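Participant: A single structure is presented below for examination.
The values are calculated or read from the model by the stated rules, or taken from the named source; none is laboratory data. Here the structure is a predicted model, which means the values were calculated and not measured. Backbone-built Cβ (ideal geometry, glycine too); neighbour counts: all protein chains shown.
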Amino acid sequence: MSKEEVRMSEVSDNALLEYLTILKTLEESKVPLGTKSIKLVVTDSVTVYDVYDPKSSIPSFPWISFALVNTGPNEVKIGVNGTFDLVSGCYIPKNGELTIDMVYPVIKTLYLQSEPGGTANVKIRGKIGKDVLM
């Protein structure tokens with residue numbers, strides 16, 4: 001084997017090892033670290049709930065999944081991550097439930113809003129994961 005072939009083999013081995021390490025880390029991130037339960041009163045103004053804030057003095061972690069129960073009295077609209085969009089959000093009626101599972105801990109922000117002039121009481125239980133994704 002020439003010096004160039006040996007060097008290419010070493011680079012290839014290092015790249016494969018790095019790839020396998022990343023895959024292992026991603027798989028480990030799917031294992032929940034615990035749960036967090038919250039209750040919110042949602043109005044017709046958009047409520048932003050930061051699940052994860054890496055700059056906070058209080059440690060927080062992104063969620064893998066969450067279950068939301070709307071106890072009413074009005075319906076609530078929810079958006080996850082990104083910008084809240086009044087058109088594409090998901091509506092949950094009074095006494096309705098919604099479960100979202102992203103498999104990996106990527107849920108960092110929830111956006112909630114009730115119908116105009118309305119309010120909604122929601123209970124949310126999130127599964128906490130280790131932040132390994134960029």
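Participant: Name the residue, out of I38, I64, I78, that is in the same structural domain as N95 (by TED's automatic domain parsing) and touching a helix residue (DSSP H, G or I) at 6+ places or on another chain (Cβ under 9 Å).
Facilitator: Working: I38 fails: touching a helix residue (DSSP H, G or I) at 6+ places or on another chain (Cβ under 9 Å); I78 fails: touching a helix residue (DSSP H, G or I) at 6+ places or on another chain (Cβ under 9 Å).
The unique qualifying residue is I64.
Participant: A further question on this structure: Hey, can you tell me all the residues within region 21-73 that are in a loop (DSSP other than H, G, I, E, B) and either hydrophobic (A, V, I, L, M, F, W, C) or in contact with a Pro (Cβ under 6 Å, 6 or more places away or on another chain) (or both)?
Facilitator: At the first step, the residues of region 21-73 found to be in a loop (DSSP other than H, G, I, E, B) are 30-33, 43-46, 51-62.
The answer is V31, L33, D44, V46, V51, Y52, I58, F61, P62.
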